[in-house]
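The values are calculated or read from the model by the stated rules, or taken from the named source; none is laboratory data. All values reported here derive from a predicted model rather than from experimental measurement. When we count neighbours, we look across all protein chains shown, and the Cβ atoms used for this are built from the backbone with ideal geometry, even at glycine.
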Ligand code: COI
């Protein structure tokens with residue numbers, strides 16, 4: 001069996017080697033992102049392994065179909081980059097890795113919250129400049145906060161449990177599905193109650209029609225003054241311009257932003273000597289109480305290993321049985 005894997009980072013190369021041998025799959029590595037102009041490299045392979053950062057639009061899917069490839073595997077959890085309507089029309093099956101490490105993202109959400117509450121980024125900046133004052137950096141404690149978790153699936157439910165260890169005043173959850181186990185730690189409420197009551201709101205939602213620009217002016221206006229928001233989901237869950245306005249006015253007291261709606265030309269690249277043409281990103285980076293990181297919440301050794309091993313396992317399952325336990329049915 002032969003697969004081609006795109007967008008492979010240096011740290012994934014030994015993992016593909018190890019797990020390729022384990023599943024008896026010959027893997028060709030491409031370090032570039034998958035794009036319309038390099039998909040032709042995939043001809044003569046049984047399947048393609050890709051990431052959420054890759055292009056999987058109509059044109060790419062048409063080319064995949066023309067190469068007689070019937071199943072493809074994302075090694076991400078989020079699959080909003082895939083045109084599922086078209087994949088279904090072409091009969092191309094898609095699998096992902098639904099739980100490569102919920103802990104990775106959940107722990108990052110905790111880290112981001114603590115960093116915002118403690119103004120940790122500002123301490124680091126000060127000390128790097130040999131400014132050892134603490135003036136102006138008085139912090140808040142979680143025990144005095146009401147925490148809202150929007151989306152309590154695999155990752156969000158872990159975040160609920162993690163927060164419970166810090167004994168906040170209350171934990172509120174919004175999700176369309178209720179998990180009885182979480183009722184030990186939190187209360188399920190409406191989005192309006194989340195906005196009305198929460199001092200901290202953490203977003204763990206997939207990017208779908210209903211969540212696009214969920215964090216927008218109309219909803220920010222309903223939030224408490226000085227609210228902290230943590231977005232470790234997808235950039236387009238947040239209307240960045242509205243969040244920038246709210247950070248500038250103080251309506252939002254701090255934002256931890258690991259994903260940005262126009263991140264692809266920037267995140268993963270060294271832009272130190274480059275002028276950032278994207279005005280919105282430049283402005284966001286200049287706001288002291290915005291902590292921006294380059295879509296890194298997932299990035300742990302456990303997650304990286306599982307993303308590679310399970311993607312190869314998925315490909316092997318498709319090849320052997322024509323089906324896969326992680327197939328996505330949309
Ligand atoms: C995902 O798995 O959905 C992620 O967001 C991480 C990926 C872009 C590497």
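Structural remarks
- Selection within the stretch 28-37: residues that are in a loop (DSSP other than H, G, I, E, B) and surrounded by 15 or more Cβ atoms within 10 Å (Cβ to Cβ). The member of this set that is farthest from the ligand (Cβ to nearest atom) is 30.
- Here residue 102 clears all of (1) within 25 Å of residue 300 (Cβ to Cβ); (2) out of contact with any strand residue (DSSP E or B) (no Cβ under 9 Å at 6 or more places or on another chain); (3) away from the ligand (no atom under 16 Å from the Cβ); (4) in contact (Cβ under 8 Å) with a residue 24 or more places away in the chain except the condition numbered (3).
- Residue identified as surrounded by fewer than 17 Cβ atoms within 10 Å (Cβ to Cβ) and touching a helix residue (DSSP H, G or I) at 6+ places or on another chain (Cβ under 6 Å) among 89, 65, 125: 65
- Per-region count, the stretch 38-54, residues buried (at least 20 other Cβ atoms within 10 Å of the Cβ) and within 21 Å of residue 296 (Cα to Cα): 5
To keep it simple, each residue is scored yes or no on (1) out of contact with any strand residue (DSSP E or B) (no Cβ under 8 Å at 6 or more places or on another chain); (2) assigned to a helix (DSSP H, G or I); (3) in the same structural domain as residue 309 (by TED's automatic domain parsing).
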| position | (1), (2), (3) |
| --- | --- |
| 15 | yes, yes, yes |
| 44 | no, no, yes |
| 63 | yes, yes, yes |
| 68 | yes, no, yes |
| 72 | no, no, yes |
| 79 | no, no, yes |
| 94 | no, no, yes |
| 111 | yes, yes, no |
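- Restricting attention to the stretch 105-120 and to residues that are more than 24 Å from residue 301 (Cα to Cα) and crowded, with 18+ Cβ neighbours inside 10 Å, the residue that is farthest from the ligand (Cβ to nearest atom) turns out to be 119.
- Being within 16 Å of the ligand (Cβ to nearest atom) and either in contact with a strand residue (DSSP E or B) (Cβ under 8 Å, 6 or more places away or on another chain) or more than 25 Å from residue 262 (Cβ to Cβ) (or both) is a property that residue 3 lacks.
- Taking the criterion of being in contact with a helix residue (DSSP H, G or I) (Cβ under 9 Å, 6 or more places away or on another chain) and free of Cβ contacts under 8 Å to residues at least 60 places away in the same chain, the residues of the stretch 33-49 that qualify are 34, 35, 36, 39, 40, 42, 43, 48.
- Count of residues meeting criterion [within 16 Å of the ligand (Cβ to nearest atom) and free of Cβ contacts under 8 Å to residues at least 60 places away in the same chain] in the stretch 54-76: 4
- Summed over the stretch 305-330, residues that are under 21 Å from the mean Cα position of the chain (by Cα), modelled with pLDDT of 95 or more and not in a helix (DSSP H, G or I) total 3.
- Filter result for residue 82 (surrounded by 15 or more Cβ atoms within 10 Å (Cβ to Cβ) and either within 13 Å of the ligand (Cβ to nearest atom) or within 22 Å of residue 294 (Cα to Cα) (or both)): yes
- Of the numbered criteria (1) under 18 Å from residue 103 (Cβ atoms); (2) under 24 Å from the mean Cα position of the chain (by Cα), the one residue 181 fails is (2).
- For residue 241: the one exception among (1) within 16 Å of the ligand (Cβ to nearest atom); (2) surrounded by fewer than 17 Cβ atoms within 10 Å (Cβ to Cβ): (1)
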